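Throughout, read-outs are computed from the coordinates displayed, never taken from laboratory work. This structure is a prediction, so every number in the text was calculated from the model and none was measured. A quick note on method: Cβ atoms are made from the backbone with ideal geometry, for glycine too, and the neighbour counts reach across all protein chains shown.
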Amino acid sequence: MINYRITCILIALLLLVCTACETREPAFTCLPGKYSKEELIFFSRVGFRKHKTLAKWNSNITVSMGKGDITRRDILTVDSIILELAPLIKPLEISRVPEEGDIIVNFTAEKEDRIGISAFTETDQSPLTKYLTSAKIYVRPTIKGRRRQAVLRHEFLHAMGLAHPVGSFEPMGSRLESRVVTLDNLYPEYGEEDYLYTDMDKAAVRMLYEECLSPGWHKSIYVAFLKGRNIEDKERARRALNDH
């Protein structure tokens, strides 16, 4: 009888703990004062992927070259991307390995069923923790030269957990204007030999990997956090108004 009561008490306490975990409001305590208003707003556009939830890695990341005609330039591009991302995701580490990695970069036509898409990234998440567990980047082999480098840099941002701003994605080749490589855009700025991520993109990656942000958190909670600090995405509101 005593053991039964003890068991019931333990179960009740466990249920209370679980309920508290589920109802606890996410604390974005690491963000105020560390990021500008513009950076906080930009993250609301790109920081939430599938089902409008956060997705990120929680362990060291390995990168490997997969299938396709891989050039020396491709390897150098991947290595330079890794160097840029490394300080943004600390304390996690990211490195290229000869064996199969967590992120695999492919230059093949096997996924060309997606008409009009020059490249895309598939990611897997743990159903329990919501952390990213693997990613595969596919770049069409017909993409060559400097555009190939720009596309690859773009896809790596998705592999890290970031998304396109709503309504900004256009298939490669839909227009060939001179542009900077960012999450908003796949097109490079002509006249440059190498590309670097913009400060805004770097801030988005760094913010995603802050310890106070957890995978699975819904975008609506983050937007409520911004509103509580009187931060509003006026540009997006204006676009929504024009669409109607």
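Counting other beta carbons within 10 Å of each Cβ, put Phe120, Phe156, Phe107, Phe28 in order, fewest first.
Phe120, Phe28, Phe107, Phe156
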Original post:
In what sequence do Arg146, Arg153 fall when counting other Cβ within 10 Å, fewest first?
Top reply: Arg146, Arg153
Original post:
Amide H neighbours of Arg96 under 5 Å, counting only residues 5+ apart in sequence or on other chains, H built in-plane at 1.01 Å?
Top reply: Val63
Subject >> Qualifying lysines (Cα of each under 17 Å from Cα of Lys130; at least 8 residues distant if same chain) >> reply: Lys50, Lys52, Lys56, Lys219
Original post:
Just in segment 44-129: which trypsin sites (Lys or Arg not before Pro) are loop by DSSP and have at most 14 other Cβ atoms within 10 Å?
Top reply: Arg114
Original post:
Each residue of segment 153-165 in turn: what ³J(HN,Hα) in whole Hz from Karplus with 6.51, -1.76, 1.60 and θ = phi - 60°, glycine and Pro shown as x?
Top reply: 4, 4, 5, 5, 5, 5, 4, 7, x, 8, 10, 6, x
